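Participant: Handing you this structure, nothing more for now.
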Amino acid sequence: MSTINESLLLLINLAKAQTTVSRRFDRLSAHGIGFSDFVILYLLNNAADGRMRRVDLAEKTGFTASGVTRLLSPLEKVGLVTREVNERDARVSYVLITAAGKRVYEEAVVTAEYTAKDILQVTKTKSLKAITELLADLGGNIQ
């Protein structure tokens, strides 16, 4: 049996935990969205004027620009977000959360917060802080 170092084992376990957590957030399907959709709506809801450039969404989420475009397409089709072209620079486009998107977000955040508490119910505050700091060091700070 081959052994690996603790750093690699931690990252493998982190990837597994991410998959497990994403599956637990399938509860968001009751609102017609997935976890990645929720993250996009969260960022737009908290952005100045409820809008962000696609490249900024990609940077904040860790997705590629094309990944963000693929994520936004269904959200745009169902009217949760809309696109706006910059009048001064046609190369720059913005994504805006719509009134329907805000409504879905506000309903979904209740489910998401409940799910997060359910997942982390046994984790102590001190442990959460240490994990949050580790994730931030790894580039996992969305704010």
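Since every read-out is calculated from the coordinates, none of them should be taken as a lab result. In this text the structure is predicted, and so the values were computed from the model without any measurement. Every residue, glycine among them, receives a Cβ derived from its backbone with ideal geometry; neighbour counts consider all protein chains shown.
Participant: Under a 5 Å amide H to amide H cut-off, with H placed in plane at 1.01 Å, what residues pair with TYR94 once short-range neighbours are removed?
Facilitator: GLU84, VAL85, ASN86
Participant: In nm, give the distance between the simple-model label positions of THR69 and ALA15, each being 7 Å from the Cα along the Cα-to-Cβ direction.
Facilitator: Calculated label separation equals 2.7 nm.
Participant: Still on this structure: Just want to confirm a number: the relative contact order over the chain, from Cα pairs under 8 angstrom separated by 6+ residues, in percent. Don't skip to the answer; put the middle values down first.
Facilitator: Values: 114 pairs, mean separation 33.4, N = 143.
The normalised contact order for the chain reaches 23 percent.
Participant: Please work out how much length the chain gains when fully extended from ALA30 to VAL109, using 0.36 nm per residue of separation minus the C-alpha to C-alpha distance, in nm with one decimal.
Facilitator: 27.3 nm
Participant: Just to be sure I understand the model, the point goes 7 Å from the Cα along the line to the Cβ. What's the resulting ALA99 to LEU138 distance in nm?
Facilitator: The answer from the label model is 4.2 nm.
Participant: Can I ask one more? What percentage of all Cα-Cα pairs in the chain are separated by more than 21 Å?
Facilitator: Numbers: 5167 of 10153 pairs.
Roughly 51 percent, rounded to a whole number.
Participant: First select every other residue whose beta carbon is under 15 angstrom from the beta carbon of LEU44; then total the charges, Lys and Arg +1, Asp and Glu -1.
Facilitator: Residues near LEU44 contribute 0 overall.
Participant: Pairs of lysines 8 or more apart, or on different chains, with alpha carbons under 30 Å: count those in the chain, would you?
Facilitator: Here the count comes out as 16.
Participant: To the nearest 500 deg cm²/dmol, what mean residue ellipticity at 222 nm is calculated for the chain from DSSP H runs of n ≥ 4 alone, each contributing -39,500 (n - 2.57), summed and divided by the residues?
Facilitator: -19500 deg cm²/dmol
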